[in-house]
Amino acid sequence: MEDLAARDADALGEGRPLSKNKPKGTKTSPFGAPGRISHDASSFYSSRLYQGQQQEITSPHPENPIPEESLNRFHLKSSSDMSEIPDYSVHLMVTSPPYNVQKEYDEDLTMDEYRDLMKIVFKETYRVLVSGGRACINVANLGRKPYLPLHVLIIQDMLEIGFLMRGEIIWDKAASASPSTAWGSWQSASNPVLRDVHEYILVFSKESFSRKREDKENTIERDAFLEWTKSIWTFRAVSARRIGHPAPFPEELPRRLIDLYTFKNDVVLDPFCGSGTTCLAAFRLGRQYIGYEINPEYKQLAEERLGDATEGDLLGKAAADKT
């Protein structure tokens, strides 16, 4: 066996680092590889399992500026036509689409009609995203007889459009979930019913998994990065009555996605903006925003929430200046 001390002495003589300080690269093994420093997974991604899967492409398209009159505002129209936004100009989309479950803003569409509508909007989203831009969709599954795995159907449609899937986050709503009390058969194997206390956040990219940083500024802090790159997020839901919209998501949801997936001053889009929570989170994080909403009452609510945030921001700055 080679003498370790002698080998390290030779390394010093040649100006190479000591063996005990040199990080060892890892390769994918049949049992997984816990190390991730200089990890080489090329053998895994070249395997037959990955044949035919959507691959990254090198895009020649530069990022395009968005006209000022289309930026930082809510558009009262369907997001099936986002012609105000140029190709390759938006950095992140965060949304929770309507569920077509006969809430006051829903239409009574068949599943095929609903999926067709979503595909039209998400094709437009694909068009306006920059290369490497991300699309995050918050969705819950529906029904029990049978259970409708809506998140699976959306994944299929997004892949068909051409998106690359990055992963999925389980939003654990914990004690705030207000699960159904429809137990099926109480304490009986006859027909027990599962009660969802979670939703999904599906994460996709356009053309590439990465974006060029150039001179852009990150805002996410170390501890948040470590926590939010885990696939399960736990935070409370928000009261529909308090927000004034029948199906709001908490600001924490878009806040994490925006901080994790965008740089400062990037553009964030919500094609189903409802009460404007995504745009509000974008504003508070120093990003620009664009929202689409077909209901004039919800558009007004979103504008009021942004107006209150802007006023509060100005008051806060004024107070800071006085001190």
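Here, each number is a calculation from the coordinates, and none is a lab measurement. The structure presented is a predicted model; accordingly, all values stated were derived computationally and were not measured. Cβ atoms come from the backbone with ideal geometry, glycine included; neighbour counts cover every protein chain shown.
What the table shows:
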read-out	value
Distant-in-sequence amide H partners of Tyr292 (H built 1.01 Å from N, under 5 Å)	His75, Asp270, Phe272, Cys273
Greater than 29 Å apart at Cα, pairs in Lys27/Lys230; Lys230/Lys299; Lys77/Lys206	Lys230/Lys299
Potential extension, Ala309-Glu107 segment - 0.36 nm per residue separation minus Cα distance	69.6 nm
Over segment 69-322, relative contact order from alpha-carbon pairs under 8 Å, at least 6 apart, %	25 percent
Whole-angstrom Cα spans of segment 69-322 along principal axes, big to small	65, 43, 40
Relative packing of peptides 123-132, 269-278, 217-226 - highest average C-beta neighbours within 10 Å first	269-278, 123-132, 217-226
DSSP bridge pairs, segment 69-322: antiparallel proportion in percent, nearest 5	45 percent
Those residues of segment 190-214 whose amide nitrogen sits under 16 Å from the label point placed on Gln54, 7 Å along Cα→Cβ	201-211
